[in-house]
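Coordinate-derived values only; no laboratory data. It should be emphasised that the depicted structure is a prediction, and the values quoted were computed from it without experimental measurement. All Cβ positions, even for glycine, are placed from backbone atoms using ideal geometry, and neighbour counts span all protein chains on display.
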Amino acid sequence: MYSVQMQKECTCFKKSEYCNNMTFERQKDAYQYANIVAEFMNEEFCSKHTFSTQRVEGGNMLISVAINVDAIPGYNPHISCDVGCNSTDNWSLESTEKVKDDNS
């Protein structure tokens, strides 16, 4: 017997028609079911999570759940430090000016 398990049941999964811990006689059937369900969940659910499948111990399948960072309001993963942008900072780590220390 081969099983398909959800890593974590989100609210959308609990409200859906899908079941956790499905078992199949053949590994091929478990593999196909897991991939189809993960694809449907990515298309039909609220998009706060992304779902992917992976083969785990014993040939079983796990549907992994990850947070979809693109669905977080205000989150922009492409913003980094001020390198390459129009920074308004008046200082730089690569300053060429020498500052005289009054203590020397």
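Points to keep in mind about this one:
- For region 7-23, putting each phi into the Karplus relation 6.51 cos²θ - 1.76 cosθ + 1.60 with θ = phi - 60° gives couplings of 5, 8, 8, 7, 4, 4, 5, 4, 7, 7, 7, 7, 10, 8, 6, 6, 10 Hz, in residue order, rounded to whole numbers and with x for Gly and Pro.
- Taking Lys and Arg as +1 and Asp and Glu as -1, the other residues whose beta-carbon sits under 15 Å from that of Ser47 total -2.
- Amide proton proximity set for Met22, modelled H, under 5 Å, gap of 5+: Val4
- Once backbone amide H atoms are built at 1.01 Å from N, His49 has Asn68 as its partners under 5 Å, excluding neighbours fewer than 5 places away on the same chain.
- Here's how it looks for Val56: its modeled amide H is under 5 Å from those of Met61, Leu62, which are all 5 or more places away or on a different chain.
- Coupling constants for region 46-61 follow from the phi torsions by the Karplus curve (6.51 cos²θ - 1.76 cosθ + 1.60, θ = phi - 60°), and in residue order they are 6, 6, 6, 10, 10, 10, 9, 10, 8, 7, 10, 3, x, x, 6, 10 Hz; glycine and proline get x.
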